1. Compute the semi-axes of the equivalent ellipsoid of the range 349-447, taking the square root of 5 times each eigenvalue of the Cα gyration tensor, and list them largest first in whole Å.
2. For the range 411-490, take the alpha-carbon Rg, divide it by the Kirkwood Rh, and send me Rg/Rh.
3. How big is the C-alpha Rg of the range 119-194 next to the rule-of-thumb value 2.2 N^0.38 Å, as a ratio?
4. How large, in percent, is the carbon and sulfur part of the accessible surface of the range 255-321 at a probe radius of 1.4 Å?
5. Give a residue-ordered list of calculated ³J(HN,Hα) values for the range 555-564 (Karplus: 6.51 cos²θ - 1.76 cosθ + 1.60, θ = phi - 60°; whole Hz; x for Gly, Pro).
6. Using amide H atoms built in the peptide plane, which far-off residues or other-chain residues are under 5 Å from N520 H to H?
7. From zero up to wherever the largest Cα-Cα distance of the range 504-589 sits, split into 10 Å bins and tell me the percent of pairs in each.
8. Just how far, in whole angstrom, is the range 86-163 from the range 415-487 if you go by their alpha carbon centroids?
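The values are calculated or read from the model by the stated rules, or taken from the named source; none is laboratory data. What you are looking at is a predicted structure, and each value in this text was computed from that prediction instead of being measured. Positions of Cβ are generated from backbone atoms using ideal geometry, with glycine treated the same way; all protein chains shown enter the neighbour counts. For the accessible areas, the whole protein counts, side chains as well, though only heavy atoms, and no ligand, DNA or RNA atoms are used. Shrake-Rupley method; radii C 1.70, N 1.55, O 1.52, S 1.80 Å.
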Amino acid sequence: MSPFPNLHNLSIPSIRRNPLPYSPSLSPIFTTQHLSNHRPLHINASLSYPNSKPPSAFNSTIRTKPTDQEEIFDSRFSPDEPRKGCDVLIEALERESVTHVFAYSGGATLEIHQSLTRSSRICNVLPRHEQGGIFAAEGYARASGRPGVCIATSGPGATNLVSGLADAMLDSIPIAAITGQVPRRMIGTDAFQETPIVEVTRSITKHNYLVLKAEDLPRIVKEAFFLASSGRPGPVLIDIPKDIQQQLLIPDWNCPVQLPGYLARLPKHPNTSHLEQIVRLIMESKRPVLYVGGGCINSSEELRRFVELTGIPVASTLMGLGTFSCTHELSLHMLEMHGTMYANYAVDRSDLLLAFGVRFDDPHVSVCADVKLALQGISALLEKGREHMLDFSDWTEEIYKQKVKYPLSYKTLGEAIPPQYAIQLLNELTDGKAIISTGVGQHQMWSAQFYNYREPRQWLSSSGLGAMGFGLPVAIGAAVARPDSVVVDIDGDGSFIMNVQELATIGVENLPVKIMILNNQYLGMVVQWEDRFYKANRAHTFLGNPSKESDIFPNMLRFAEACNIPAARVTKKVELKEAIKKMLETPGPYLLDVIVPHQEHVLPMIPSGMSFHDAITEGGGRSAY
C-alpha cells in the first residue's frame, strides 16, 4: 500500500546487494591496473579551489565486471623469487592502485607493517585508534570514489573496526579492511588477542574472508576490491593469520576470480519497456517529484540532464546531498524528519514520486538497474519524443510559494552565535565548494540544511548508522584523497571528543583540515528530544563540568595546542566572520571553537511516526512543552 494516496511511486535503486555464496570458477576474468609512482604525503590546501570537478564527476563509475587483460606491473621481486605472504599482500594492494592506507600496527600485523616500509608506492597515514583508521578510510572513499583501505591487528584491533564496517555497509561505501589473526594452529583456542572477526562482522560486511592458504592472497585481494566497488558498494574484510603472512611463496598473479554467482546477479542494462513505462507515467503526471539518494552519487551529470529535460523538482535524502546542486532553482534540498517544509510538502502533494538511487519500501514500479544507465535511457526516450513537451510550471510555482512561506530560518538573541548562522557564513566564505564532514547530532542536521552543496562527494556524514566521532577522522581521509580541496569538519563537542586523539595524526601529517566545533556543552539532539517530549528533564546530557557549569569544559583549545595545531575560540556573533576567515586562510590545520547556546532546536521537525501535517516549525529550549 502506498504511503501517499493517489500517488504513483517509482523506485530505481542504484544496485541491490545480494548474498554471496562461494562458487568456484575457472574463468580468468580479472586483472589489475597500472600504478602511478608513490608520492609523499604533502597536502597544501588552505582556501583554494581547483578548476577540476570532484572525482565522481568524471571517473567514478560503478564497476560491473572485472577487467579482462593483465597490465604490466613493475614488481620489486623477480617472477620466480619466493617472498613472504605479507609482501604478496602489499604487492596485491599496489596492483589495485592503492596509494594510501590507514593502518595501526600490532602483534598480528607486524609482518604487514614491515612490508609496508619496503613499498615505494603506498604511504601509511597512521591513525591513533583503529576506529579512527577505518573512518579515515571511509573519508578517503567517500571523497574520491575509490576503495579506502585500513589495516588493524587481531583481537581488540579488529573489533575496533566494527562501527566503521557497519557504517560503510549502511551507507554503501567501498572499504577493504585487512585484519591480522593469530596463527592458524591457534584459531579457536581462545589465544591471546584472538577474536573470530569473520563471524563478528559477517552481517555488517558485503563479504569477508579468512585466508587459510597463502596462495589464495592474490585472488582474494582481487575479489575483495571488485566486490567492494562493484554493484552496490560496501565493505569487505580480509582476515590473515600471522603464519600466512610469514609463509614463503611464489604468487600467481593470473589466478582467476571465483565469483560466477555474484557476477550473474549484477544488474543488467535496464529493460527498454520499463523505461518507456516510466516516461508514460511522467507524461501523465501533473505534480511529479524526484527523490534522489546516495545511489546517484556517480550519476549526477545524468541526473542534471534528466531534470533539464523534464523540469521536475528534486528532493534529496541525507546521503544524496550534492548529487543535484542545492543552488539550482528546482532543488527542494532535503526531505525527511529535518528536511525543508517545501520538500515534504511537494512529496505529500505529488502524484508521481520518482525515487532514484534510494531504498524504498513499496514502489509501484520497481526497476533494478544501474541508475546511471537508467537515467541515460530515460533521457534518450525523452529527447526522442520532444514533440510531447512537458510543462510543470503550475506545479513548480505552487512549490515556490511554499519556499517563500516556509524558508529555513533561525532567531538571533543578543550577542549569542546561532549555530545555523555559523554554517551560513562558512558556506558564504567557501562559495559552497568545501568538502564538509560532520559528526552526528544537531550540528549534522544544520550542516545538511544551511550549507549549499553543489557537487557529489562534498558531503561526508554518517547517515545510516549515525556514528558519533565520525567527522574528524573522515576529514583526514578526505584531505588525503583530495589534497587540493578545502576540507572542513563541522563538529559538535560531543562527537568531536569521541575521536579527539586523531588530532595527533592531523598535527603530525600537517593535514589542512579545518575544524569548526559548534560547542554547546550538551548532547544537543538528545536535549532537543528531552525538551520536546520529556519536560526538559536532563538525563546525563550535560557534557561540561557540573561543579562549574559556567566554564567551557573541556578546553578544546588545549587539545589542539597539545598537537601543535593553531586554535581560537569565538563567543560573539559580531566576531564570527573574521574568525572563520582566519581559520580558512591559515595554512595547514586549524581548530575554531564556536560557542553556541544549547537551547537551539533543529527545525523543521516531523516527530517520529507522524506526518508532514504534524511538523514542528517553531520554538526551542527556551519554551516549555
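1. Working: eigenvalues 267, 80, 49 Å².
Semi-axis lengths for the range 349-447 are 37, 20, 16 Å.
2. Values: Rg = 12.7 Å, Rh = 13.0 Å.
Rounded to two decimals, Rg over Rh is 0.98.
3. On the way: Rg = 13.6 Å, N = 76, 2.2 N^0.38 = 11.4 Å.
After normalising by residue count via 2.2 N^0.38 Å, the value is 1.19.
4. Details: 1260 of 2460 Å².
That fraction is 51 percent.
5. Per residue, the Karplus-derived 3J(HN,Hα) values read 7, 4, 5, 5, 4, 5, 4, 4, 10, 6 Hz.
6. So N520 has HN proximity to D493, V596.
7. That works out to 15, 35, 31, 16, 3, in percent per bin.
8. If we compute the Cα centre of each part, the gap is 25 Å.
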